[in-house]
1. Among 9-15, 71-77, what's the highest-first ranking by average C-beta atoms within 10 angstrom per residue?
2. Would you mind giving the three semi-axes, in whole Å and largest first, of the ellipsoid equivalent to the chain according to its Cα gyration tensor?
3. Counting only protein heavy atoms and using a 1.4 Å probe, what share of the accessible area of the stretch 1-72 belongs to carbon plus sulfur, as a whole percent?
4. Which pairs in the list LYS15/LYS192; LYS129/LYS151; LYS15/LYS87; LYS49/LYS172; LYS15/LYS49; LYS151/LYS172 are over 23 Å apart, alpha-carbon to alpha-carbon?
5. Work out how far the C-alpha atoms of the stretch 1-89 reach from end to end along every principal axis, then list the three figures in whole Å, largest first.
6. TYR7 label point, 7 Å along Cα→Cβ, cut-off 19 Å on backbone N: hits in the stretch 110-150?
7. Suppose R0 equals 30 Å; then what is the FRET efficiency for ASP177 and LYS151 from their Cβ-Cβ distance, rounded to the nearest 0.05?
8. log₁₀ I(q)/I(0) of the stretch 119-166 at q = 0.13, 0.26 Å⁻¹, via Debye over equal Cα point scatterers, no solvent, to two decimals?
Amino acid sequence: MSTRTQYEADLAALKSTLTGMGQAAADALENALEALCTADEAAASAVVKGDGEINRMERDIEHRCMTLLLRQQPVAGDLRRISASLKVVTDLERIGDHAADIAEIIPHLAAVRREGDPAVSQAIEMGRKAYQMILSAMSALIAEDETAARKVIDTDDEVDYDFNAIKQTLAKEIAADPGRVDAALDALMVIKYLERIGDHAVNIAEWVEFIRTGRYRSEAMF
């Protein structure tokens with residue numbers, strides 16, 4: 001196999017593994033939301049345990065990127081793609097962490113919040129928007145589609161709106177019954193993690209502009 005052919009194969013493999021990590025991070029959030037919806041502590045525990053695989057994928061992709069940078073010395077667009085991949089894996093790893101964080105809270109919530117609880121129901125809807133943001137951001141990144149990336153960035157306003165609306169719901173709950181403060185704080189932590197996941201999806205979408213133009217809109221969130 002020629003050097004160029006090997007190089008192109010390595011780039012394709014990098015894109016494939018990055019896509020796989022993106023799906024794994026999205027799946028972790030989806031599974032955490034399902035566990036939250038059903039108050040399934042075993043499913044929540046599985047999300048926490050599964051975070052190690054996302055971390056392993058991060059290390060693998062970082063190794064692939066560094067190998068390409070050191071052995072092939074890519075230029076222009078390929079250099080930007082590899083550099084962006086090194087940043088994107090950090091956001092995906094953090095998404096996986098936050099999904100695990102949500103899962104760790106579920107046993108506490110299951111003990112104090114009833115089925116059909118308004119705040120939890122609203123949080124699940126918020127989480128579904130964040131989940132779709134991850135998928136859309138990864139799709140835009142792989143396709144290098146700036147228009148699709150912009151839609152992801154704009155969607156973050158909806159997630160932020162939901163975050164503030166649920167905060168108000170929880171504040172009213174505490175005012176009506178101060179004894180519910182611990183339950184409210186657990187729910188508040190869930191929506192805070194979801195809000196951060198939305199921010200990380202925005203970061204991923206913003207790397208599309210960097211790949212296309214060499215400009216990056218904002219500092220990545222770590």
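1. Details: 9-15: 14.4, 71-77: 11.9.
Most protected by this proxy first, the peptides run 9-15, 71-77.
2. Details: eigenvalues 273, 67, 27 Å².
For the chain, the ellipsoid semi-axes come out as 37, 18, 12 Å.
3. Values: 2050 of 3940 Å².
The C+S portion of the solvent-accessible surface of the stretch 1-72 is 52 percent.
4. Values: LYS15/LYS192 30 Å; LYS129/LYS151 12 Å; LYS15/LYS87 14 Å; LYS49/LYS172 35 Å; LYS15/LYS49 25 Å; LYS151/LYS172 33 Å.
Pairs exceeding the cut-off: LYS15/LYS192; LYS49/LYS172; LYS15/LYS49; LYS151/LYS172.
5. Rounded to whole Å, the extents work out to 53, 22, 17 Å.
6. Backbone N within reach: none found.
7. Working: r = 40 Å, r/R0 = 1.34.
The computed FRET efficiency comes out at 0.15.
8. Evaluating at q = 0.13, 0.26 Å⁻¹ gives log10 I(q)/I(0) of -0.31, -0.87.
The values are calculated or read from the model by the stated rules, or taken from the named source; none is laboratory data. Remember, it's a predicted structure, so these values are computed and weren't measured experimentally. Neighbour counts run over all protein chains shown; Cβ positions are idealised from the backbone, glycine included. Calculation scope for accessible area: heavy atoms of the full protein, side chains included, ligands and nucleic acids excluded. Shrake-Rupley method; radii C 1.70, N 1.55, O 1.52, S 1.80 Å.
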